[in-house]
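Working notes, structure below.
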Amino acid sequence: MTGDDPGPLIRLYGLTGGRARPAGESFDLVAIVTAVVTAAGAPAEPAGLVPEHLAALALCRRPTPVADVAAYLGLPLNVTRVLLGDLRREGLVTIDRPRPAAQTIDEGIYREVLHGLRRL
Amino acid sequence: MDYAGSEPASAAVADPAMAIKILVAGGFGVGKTTMVGTISEIRPLHTEEVLSERGVGVDDVSGVEAKTTTTVALDFGRITIREGLWLYLFGTPGQDRFWFMWDELAQGALGAVVLADTRRLQDCFPAVDYFEQLGLPFVVAVNCFDGARRHDPVTVRRALGLDGVAPILLCDVRERDSVKEVLTSLVTYSVGGAFPAG
Ligand SMILES: Nc1nc2c(ncn2[C@@H]2O[C@H](COP(=O)(O)OP(=O)(O)OP(=O)(O)O)[C@@H](O)[C@H]2O)c(=O)[nH]1
Ligand SMILES: [Mg+2]
């Protein structure tokens, strides 16, 4: 995961099985990913998950944007997206449908963003 | 005010987590990465993305995909407004052959900052054209490199053939306050029109 990894490209290729696109419906680079927890608790983790899957899953117990998962794992966005697509296919996470900013930013969000930026 | 945030008990329902995308575009070496780094609270992530070229073997899982992929450098940074509300800045690849990456980045974005360098203003034309065609709101931020002639915004507007609506600002992408001003202008321009001033 770091720069001194002997074969980063080969390693990444292995992580995704050479896939550049995630399984299932496409999702945005900033879509919110949330680990599935039901009354019965988290679903059982199927075999075949790599440590990166598990790390992403743990992180997404809190709703987390795809880009943040990538930053946390230190992996490219597209590789991260493939891994998250796997987790979704296994029913372990939900991923938001894309929603255009113009439709989701109401007045409250707008003012929060402006104030937030000014106070930085 | 009647914000969702005023009702903590139902906040989780009324206020789902949301991440807002802003693109930072412009010509080669104009200061995109610097801008993202100046304002991001995380060390900007510089990633080498492996892409499937558009229209070529996108769904091909037969193992020959390596032949149809390419890599592109992308950087992004984050600003947390509060828990559950984030802004993400994406520095977009400049080369024309990566337009398809732009298509995806621009989808659902709040808007874009087009960085311009007055010494080679024409470098930002493709980005301006692209966002105009897409109908994505953008502001033009003229990065005032030391020693560069200081064009005034009126001259830049004329040179870019802008219709007089998109804001044009002078900025220094190394200065936090300057980048903040660019972003607040974009947010106001992009979505503020729908709401009363304040
Ligand atoms: N003097 C001065 N140098 C700057 C300014 N902004 C950026 N630079 C320098 O210009 C160079 C290019 O800046 P970057 O932020 O890497 O530009 P970029 O648009 O990301 O470049 P590419 O990704 O290669 O297209 C870097 O060496 C910066 O340090 C500025 O306002 N003034
Ligand atoms: Mg750069």
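Check whether at least one residue in segment A:27-50 is among the aromatic types (Phe, Trp, Tyr) and either over 16 Å from B:Arg78 (Cβ atoms) or in a strand (DSSP E or B) (or both), and report yes or no.
Taking segment A:27-50 and keeping what is among the aromatic types (Phe, Trp, Tyr), we get A:27.
Remaining after also requiring either over 16 Å from B:Arg78 (Cβ atoms) or in a strand (DSSP E or B) (or both): A:27.
For segment A:27-50, residues among the aromatic types (Phe, Trp, Tyr) and either over 16 Å from B:Arg78 (Cβ atoms) or in a strand (DSSP E or B) (or both): present.
Being more than 7 Å from every other protein chain (Cβ to nearest Cβ) and either surrounded by fewer than 22 Cβ atoms within 10 Å (Cβ to Cβ) or within 11 Å of the chain's Cα centre (by Cα) (or both) is the requirement here; does A:Arg88 meet it? Don't jump to the end; show me each part of the working.
Numbers: more than 7 Å from every other protein chain (Cβ to nearest Cβ): yes; either surrounded by fewer than 22 Cβ atoms within 10 Å (Cβ to Cβ) or within 11 Å of the chain's Cα centre (by Cα) (or both): yes.
Yes.
So if I check each of B:Trp86, B:Trp99, which one is under 17 Å from the mean Cα position of the chain (by Cα) and at pLDDT 90 or above?
Values: B:Trp99 fails: at pLDDT 90 or above.
Only one candidate qualifies: B:Trp86.
Checking B:Gly31 against (1) within 16 Å of ligand 1 (Cβ to nearest atom); (2) more than 7 Å from chain A (Cβ to nearest Cβ); (3) on the phi < 0 side of the Ramachandran plot; (4) at pLDDT 70 or above, which single condition isn't satisfied?
(3)
I want to confirm something. Restricting to segment B:34-55 and keeping residues that are closer than 24 Å to A:Gly116 by Cα and at pLDDT below 90, which single residue is nearest to ligand 2 (Cβ to nearest atom)? Quick ask: steps written out before the conclusion?
Within segment B:34-55, the subset closer than 24 Å to A:Gly116 by Cα is B:34-45.
Still in the list and also at pLDDT below 90: B:42-45.
Working: B:Ile42: 16, B:Arg43: 14, B:Pro44: 9, B:Leu45: 12 Å.
The qualifying residue nearest to ligand 2 (Cβ to nearest atom) is B:Pro44.
Would you confirm whether or not segment A:110-120 contains a residue that is at the interface with chain B (Cβ under 7 Å from one of its Cβ atoms), crowded, with 23+ Cβ neighbours inside 10 Å and farther than 18 Å from A:Thr34 by Cα? Show your work before the answer.
As a first pass, look at segment A:110-120 and keep what is at the interface with chain B (Cβ under 7 Å from one of its Cβ atoms): A:110, A:112-114, A:116-118, A:120.
Add one more test, that the residue is crowded, with 23+ Cβ neighbours inside 10 Å, and what stays is A:113.
Within this subset, residues satisfying the condition of being farther than 18 Å from A:Thr34 by Cα are A:113.
Scanning segment A:110-120, I find at least one residue that is at the interface with chain B (Cβ under 7 Å from one of its Cβ atoms), crowded, with 23+ Cβ neighbours inside 10 Å and farther than 18 Å from A:Thr34 by Cα, so the answer is yes.
Suppose we filter segment B:147-198 for residues that are at the interface with another protein chain (Cβ under 10 Å from one of its Cβ atoms) and of a type in the set (Phe, Trp, Tyr); how many remain?
Total meeting the criteria: 1.
I want to confirm something. Restricting to segment B:102-146 and keeping residues that are assigned to a helix (DSSP H, G or I) and away from ligand 1 (no atom under 16 Å from the Cβ), which single residue is nearest to the other protein chains (Cβ to nearest Cβ)? Full working, then the answer.
The initial filter retains those residues of segment B:102-146 that are assigned to a helix (DSSP H, G or I), namely B:102-106, B:118-134.
Checking which are away from ligand 1 (no atom under 16 Å from the Cβ) leaves us with B:103-104, B:106, B:129, B:131-134.
Working: B:Asp103: 12, B:Glu104: 7, B:Ala106: 11, B:Asp129: 21, B:Phe131: 14, B:Glu132: 16, B:Gln133: 17, B:Leu134: 12 Å.
It comes out as B:Glu104.
The values are calculated or read from the model by the stated rules, or taken from the named source; none is laboratory data. Just so we're clear, the structure is a prediction, and the values are computed from it rather than from any experiment. Ideal geometry is used to build each Cβ from the backbone, glycine not excepted, and the neighbour counts take in all protein chains shown.
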